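For reference, the structure is listed below as structure tokens.
Coordinate-derived values only; no laboratory data. For clarity, every value in this text was computed on a predicted model and none was experimentally measured. Cβ placement follows ideal geometry from the backbone for every residue including glycine, while neighbour counts extend to all protein chains displayed.
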Amino acid sequence: MIKDRTILILFGASLLLLVISAVVGFTGLPQEAGGPLIIRFDTSGDQVTLLGGVGIFFGLLGVAAAIAAVNFVLALEMYGKERFLSYILASGTLIITVVFLIVAYTITAAN
């Protein structure tokens with residue numbers, strides 16, 4: 001699998017998107033400890049529906065990184081037997097990290 005460029009490009013792009021999401025979070029979120037963070041803003045009711053802290057955002061980043069790492073290990077183990085499933089895992093990981101980047105941008109824009 002290490003020589004397969006398609007899988008390496010997909011997982012590399014996923015890693016790059018996770019790093020970009022972390023940079024967006026570090027630069028765009030307030031850095032004071034314990035301050036409320038708007039996670040979800042309801043525009044139709046013009047009210048905040050979900051509050052949290054900065055730790056919740058970086059906890060979600062950790063979950064996304066763990067999903068990417070587990071998918072990489074699974075793709076590495078399955079590549080010899082089921083190459084197509086490895087491609088599916090790599091593509092799914094890329095989709096998950098794109099969605100997390102969108103979430104990171106949305107949360108930082110609301111704050």
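The table for this structure:
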read-out	value
Pairwise label distance in nanometres, Ile102 with Leu16, each label 7 Å out on the Cα-Cβ vector	2.0
Full-extension gain in nm, Val73 to Val23, via 0.36 nm per residue minus C-alpha separation	15.5 nm
